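Some notes on the structure that comes next.
The values are calculated or read from the model by the stated rules, or taken from the named source; none is laboratory data. Computed from a predicted model, the values in this text were never measured in an experiment. When the accessible area is computed, the model is the full protein with side chains, heavy atoms only, and any ligands, DNA or RNA have been set aside. Shrake-Rupley method; radii C 1.70, N 1.55, O 1.52, S 1.80 Å.
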Amino acid sequence: MTLGRAYRILMRQWRWAFEIGAGNRKRGMPPVRFFDFWALYREEVRLAAAYPSTD
């Protein structure tokens, strides 16, 4: 895979993520506040450490 193709795929995925977020806001869902996101992220990291690696 070329670097350009990888970037195109990544940009497409980000576009989809932003479209999903815009659709959710139109339906009345508020954006997640940074500190709430950070707490969720930290909890995910904590839980992931309890599972064996999938490498």
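Observations on the structure shown:
- The helix-based estimate of mean residue ellipticity at 222 nm for the chain, built from -39,500 (n - 2.57) per DSSP H run of four or more residues and divided by its residue count, is -25000 deg cm²/dmol to the nearest 500.
- Rounded percent of accessible protein surface that carbon and sulfur make up, the chain, 1.4 Å probe: 64 percent
- Heavy-atom accessible surface of the range 16-55, averaged per residue, reaches 103 Å², computed with a 1.4 Å probe.
- Principal axis dimensions, largest first and in whole angstrom, of the chain by Cα: 39, 35, 15
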